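Here is the structure we will look at, set down as structure tokens.
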Amino acid sequence: MTTYHELQNRIDRGDVIILDGAVGTGLQNMGVPMHGTAWAAAALQTHPYTVRQLHEVYVKAGVDVLTTNTYSSARHNLEPLGLGDLTTELNIRGVVLAREARDRAARDRPVFIGGSVSNYGLLTGAEPRRRVYGPGPRRTALTPEQTQANLREQAEILAEAGVDFMLAESTGSMEHRKWVVQACLATGLPTWIGVKCRVEGDDPTPRVGYSSDVPLDRGLAELVPLGGKVFNVFHSNVKSTDAALPILREHWSGPIGVYPEAGREDYVAPHPDPTGKNDLTPAEFLDLARKWVQEGVQIIGGCCGIGPEYIRPLREGLPGRIPTPRK
């Protein structure tokens with residue numbers, strides 16, 4: 001049985017922690033269809049053993065942390081597909097499948113499970129309707145009260161089902177990002193905060209989310225006081241990740257992680273194509289990961305397009321520890 005205390009001890013002494021890679025595009029590559037507002041979460045109902053198999057593949061690739069396939073399994077994601085009544089069942093299933101994979105494939109070493117909660121599928125009046133994956137109904141805006149209640153509900157289900165810690169993974173507005181983080185923190189479990197960043201054109205300033213004008217430094221000023229254990233730059237391309245790291249180091253003295261995406265756009269509706277070409281190779285990703293570790297990044301994994309073939313080389317190819325632990 002794992003406890004977060006074990007993972008925290010490893011982080012405190014500066015160990016490099018290997019996170020898994022993409023779950024959604026990983027399932028897509030295994031032939032699982034994506035479904036509208038629930039994206040990869042529909043697989044918890046239709047393809048549970050494929051979900052477990054993907055987790056097992058990552059464990060065998062050497063990861064220290066598995067992410068539950070719950071990035072898009074809040075009530076507002078499932079209701080448009082007629083699965084709202086299964087919100088509790090499918091979120092519990094997401095945790096059980098990760099735990100089963102760990103038990104089957106990692107009997108000789110600890111693997112920890114992070115419960116993913118995100119803003120996927122949420123809209124505000126100012127946000128564009130974009131990045132809806134696969135066929136299915138369009139997203140609809142919820143009231144702030146409904147949104148926060150749904151996020152709290154999901155986070156509580158994941159915590160009670162036995163995740164080791166929470167992963168707050170928000171790509172949306174600062175308002176949504178804080179709601180996701182607050183829902184995760186309310187469980188009482190340690191929370192890793194993920195921030196999507198982007199740089200556009202000749203402007204070197206990293207901004208948060210897909211379309212927000214909020215600079216990263218201002219976003220961090222709002223997020224750091226909330227109390228996360230780790231800050232991750234996630235679901236950002238390599239250029240944006242590199243631009244974000246110096247700012248994150250300036251505003252956050254604790255452990256830092258990265259799990260970038262591979263620059264793919266082919267998985268966006270209406271025609272997802274899992275055979276699309278990434279903009280970096282596994283060897284290039286390993287070189288980048290080595291650079292990031294030397295710069296003090298302690299947690300390395302991947303997001304959309306970064307599959308097991310990218311994660312596997314990290315176990316043998318990265319140093320065991322960062323140069324100086326961050327407290």
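Each reported figure results from applying straightforward, stated rules to the coordinates on display, with no laboratory input. In this text the structure is predicted, and so the values were computed from the model without any measurement. Methodologically, a virtual Cβ is constructed for each residue, glycine included, from the backbone with ideal geometry; neighbour enumeration extends over all protein chains shown.
Determine ³J(HN,Hα), in whole Hz, for all residues of the stretch 223-238 in sequence, where each value follows from phi through the Karplus function 6.51 cos²θ - 1.76 cosθ + 1.60 and θ = phi - 60°; x replaces Gly and Pro.
My calculation for the stretch 223-238 gives 8, 4, x, 5, x, x, 8, 9, 10, 10, 8, 10, 6, 10, 6, 4 Hz in order.
Given the peptides 67-73, 20-26, arrange them by the average over their residues of other C-beta atoms within 10 Å, most packed first.
67-73, 20-26
What whole-number distance in Å separates the alpha-carbon centres of the stretch 197-237 and the stretch 78-92?
Their Cα centres are 31 Å away from one another.
Based on the mean of other Cβ atoms within 10 Å per residue, sort peptides 175-187, 283-295, 76-88 so the most packed one is first.
On the way: 175-187: 22.5, 283-295: 17.0, 76-88: 18.6.
Result, highest mean first: 175-187, 76-88, 283-295.
Under the Karplus relation 6.51 cos²θ - 1.76 cosθ + 1.60, θ = phi - 60°, what is the ordered set of whole-Hz ³J(HN,Hα) values for the stretch 19-29, x standing for Gly and Pro?
Each residue's phi maps through the Karplus curve to give 8, 6, x, 4, 9, x, 5, x, 5, 4, 5 Hz.
Run the numbers on the chain and let me know its relative contact order in percent, using alpha-carbon pairs under 8 Å that are six or more apart.
Values: 710 pairs, mean separation 71.0, N = 327.
RCO, the chain: 22 percent.
Using 0.36 nm per residue of separation minus the Cα-Cα distance, give me the extension gain between S211 and M1 in nm, one decimal. Intermediate results must be reported in sequence, preceding the final value.
Details: separation 210, 0.36 × 210 = 75.60 nm, distance 4.13 nm.
Here the segment from S211 to M1 would lengthen by 71.5 nm.
Using amide H atoms built in the peptide plane, which far-off residues or other-chain residues are under 5 Å from F234 H to H?
Result for F234 returns V195, K196, C197, Y259.
Counting Lys and Arg as +1 and Asp and Glu as -1, what is the net charge of the other residues whose Cβ lies under 15 Å from the Cβ of K327? List each step's numbers first, then the result.
Details: positive: R10, R13, K229, R249, R321, R326; negative: D12, D15.
Around K327, the surrounding residues sum to +4.
Mind listing P(r) for the chain? All alpha-carbon pairs, 10 Å bins, whole percents.
6, 29, 40, 22, 3, 0
So if each residue of separation counts as 0.36 nm, and I subtract the Cα-Cα distance between E295 and R321, what length gain in nm does that give?
Working: separation 26, 0.36 × 26 = 9.36 nm, distance 1.14 nm.
This chain segment gains 8.2 nm when fully extended.
So what's the gap between the Cα centers of the stretch 24-41 and the stretch 292-327, to the nearest angstrom?
If you average the Cα positions of each part, the centres end up 25 Å apart.
Of the beta bridges DSSP finds with both residues in the chain, what % are antiparallel, to the nearest 5?
Details: 6 of 32 bridges.
Of the beta bridges lying entirely in the chain, close to 20 percent run antiparallel.
Within the set K291/K327; K178/K291; K178/K327; K178/K229; K60/K229; K196/K229, which residue pairs have Cα atoms separated by over 25 Å? Please list the in-between numbers first.
Numbers: K291/K327 20 Å; K178/K291 30 Å; K178/K327 23 Å; K178/K229 15 Å; K60/K229 27 Å; K196/K229 17 Å.
Flagged as over cut-off: K178/K291; K60/K229.
Semi-axes of the stretch 158-197's equivalent ellipsoid from the Cα gyration tensor, sqrt of 5 times each eigenvalue, largest first, rounded to whole Å? Please report the intermediate quantities before stating the final value.
Values: eigenvalues 74, 19, 10 Å².
Sorted largest first and rounded, they come to 19, 10, 7 Å.
Run the quick spin-label model on E200 and T46: label points 7 Å from Cα toward the beta carbon, then report their separation in nm to one decimal.
3.3
Determine the calculated [θ] at 222 nm for the chain from helices alone, applying -39500 (n - 2.57) to every DSSP H run no shorter than 4 residues and normalising by the residue count; nearest 500 deg cm²/dmol. Write out the running numbers ahead of the final one.
On the way: 12 runs with 130 residues, N = 327.
Computed mean residue ellipticity for the chain: -12000 deg cm²/dmol.
What distance in nm lies between label points placed 7 Å from Cα along the C-beta direction at E145 and R109?
The two pseudo-label positions are separated by 5.0 nm.
Treating the beta-carbon of each Lys and Arg as +1 and of each Asp and Glu as -1, no other charges, what is the dipole magnitude of the chain about its Cα centre, to the nearest 20 debye?
Details: 35 positive and 38 negative charges, 68 e Å.
It works out to roughly 320 debye.
If each residue of separation counts as 0.36 nm, what is the full-extension length gain between T281 and K60 once their alpha-carbon separation is subtracted? Each step should come with its number before you reach the end.
On the way: separation 221, 0.36 × 221 = 79.56 nm, distance 2.03 nm.
Once the chain is fully extended between T281 and K60, it gains 77.5 nm.
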